[in-house]
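Colleague: Before I ask anything, let me first share the structure, which is written out below as structure tokens.
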């Protein structure tokens with residue numbers, strides 16, 4: 001999967017609207033445990049929210065780093081919440097169908 005198109009980002013933001021944050025990042029920041037937890041959540045759900053409880057001024061940079069380290073796409077950062085998407089590698093496990101570009 002390549003870079004998300006704007007229509008796909010909009011679609012994913014709409015799907016994420018009612019989601020509760022799957023992971024909360026606290027004062028310890030970006031630890032390996034947080035990265036692994038986010039990776040597992042993406043495996044299970046494809047689309048997740050990550051809430052920043054601290055390091056709020058660095059949330060944009062941390063969100064990009066999280067996306068890179070988990071092999072996911074950063075859909076958006078809204079307030080203190082990042083929305084991440086990673087398509088399931090196995091087609092039969094995919095829960096989200098993206099609109100065509």
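Colleague: Compute a Gaussian network model of the chain, connecting alpha carbons closer than 10 Å, and tell me which residue from 56, 13, 27 fluctuates the most.
Modeller: Evaluated over the chain, the most mobile residue of the options is 27.
Colleague: By how many degrees, 0 to 90 and rounded to 10, does the Cα axis of helix 6-16 deviate from the longest principal axis of the chain?
Modeller: Once rounded, the angle reads 70 degrees.
Colleague: May I ask what percent, to the nearest 5, of DSSP beta bridges between residues of the chain are antiparallel?
Modeller: In the chain, approximately 75 percent of DSSP beta bridges are antiparallel ones.
Colleague: Next up: Counting alpha carbon pairs within less than 8 Å and at least 6 residues apart, what relative contact order, in whole percent, applies to the chain?
Modeller: Computed value for the chain: 33 percent relative contact order.
Colleague: By how many nm would the segment from residue 94 to residue 20 lengthen if fully extended, with 0.36 nm per residue of separation less the alpha-carbon distance?
Modeller: So the chain would gain 24.7 nm between residue 94 and residue 20.
Colleague: Taking 0.36 nm per intervening residue step and subtracting the Cα-Cα distance, what contour gain separates residue 10 from residue 56 on full extension?
Modeller: Full extension of this stretch gives 14.2 nm more.
Colleague: Determine the calculated [θ] at 222 nm for the chain from helices alone, applying -39500 (n - 2.57) to every DSSP H run no shorter than 4 residues and normalising by the residue count; nearest 500 deg cm²/dmol.
Modeller: -11500 deg cm²/dmol
Colleague: Among 79, 29, 39, which one moves the most in a GNM of the chain with springs linking Cα atoms closer than 10 Å?
Modeller: Between 79, 29, 39, it is 79 that shows the largest mean-square fluctuation.
The numbers here are math on the coordinates, done by the rules we state, and not lab data. What you see is a predicted model, and the numbers here were worked out from it, not measured in a lab.
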